[in-house]
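Single-structure report; data block below.
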Amino acid sequence: MQGINFIAIDFETATGKRASICEAGICIVRNGEVAESRSWLVRPQGNRYSYWNMQIHGIRPSDTLNSPEFPEVWAEICEYLKDIPVLVAHNAAFDIGCIHHSLELYGMEKPDITYYCSLRAARKLYDFGCNSLDYLCDQFKIPYGQHHRAGDDAEMCARLFLTELIDADCELEEMNYCNGKL
């Protein structure tokens, strides 16, 4: 797995709107090894939450009241992206959508990033009846912390994608059935 470098990313949202990020998590993979994981609580605009979203992840307005907003957290994430401009997400349509909508909300520039989707890869590689992140991690005995917390989910995604790369027996760039540009 030498030369395999990417950043797995995950977001939790405060409401049904993609630009309502309340937690961001990343897991940096260098040379095919998990090197670092980080997470940030993020104050969504107006610090408003829906009941249903709080039920999923357990994050409340009081948790993010004094947290930085998306632009500050994104600036920190972009420092990692300078070295590794490749993102991986489980259900990338959601997480990449969170980035797009948040960049638009705050009038920020879109970076030149390639992304991969571990969900789409799982659907192509395996024949499971379920392809949720926690189910797949259970199947491959990938340990994880608290599901639906961004830092833990990002690390689960990173470890799952490393498994998928091994099972696909190909280089990252060859996984063109599950990639896109930000």
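The values are calculated or read from the model by the stated rules, or taken from the named source; none is laboratory data. On a predicted model such as this, the values are computed, not experimentally measured, just so you know. Don't worry about glycine lacking a Cβ; one is built from the backbone with ideal geometry, like all the others, and counts go over all protein chains shown. For accessibility, only protein heavy atoms count, side chains too; no ligands or nucleic acids. Shrake-Rupley method; radii C 1.70, N 1.55, O 1.52, S 1.80 Å.
Apart from one condition, Ala150 fits all of (1) of a type in the set (Gly, Ala, Ser); (2) at pLDDT 95 or above; (3) out of contact with any Ser or Thr (no Cβ under 8 Å at 6 or more places or on another chain); the exception is (3).
If you go through the range 23-70 and pick out every residue that is on the phi > 0 side of the Ramachandran plot, over 19 Å from the mean Cα position of the chain (by Cα) and surrounded by 13 or more Cβ atoms within 10 Å (Cβ to Cβ), you end up with 1. Does the range 154-170 contain any residue that is outside any helix (DSSP H, G or I) and either open to solvent by 10 Å² or more (accessible area, probe 1.4 Å) or in contact (Cβ under 8 Å) with a residue 24 or more places away in the chain (or both)? The answer is yes, given that some residue of the range 154-170 is outside any helix (DSSP H, G or I) and either open to solvent by 10 Å² or more (accessible area, probe 1.4 Å) or in contact (Cβ under 8 Å) with a residue 24 or more places away in the chain (or both).
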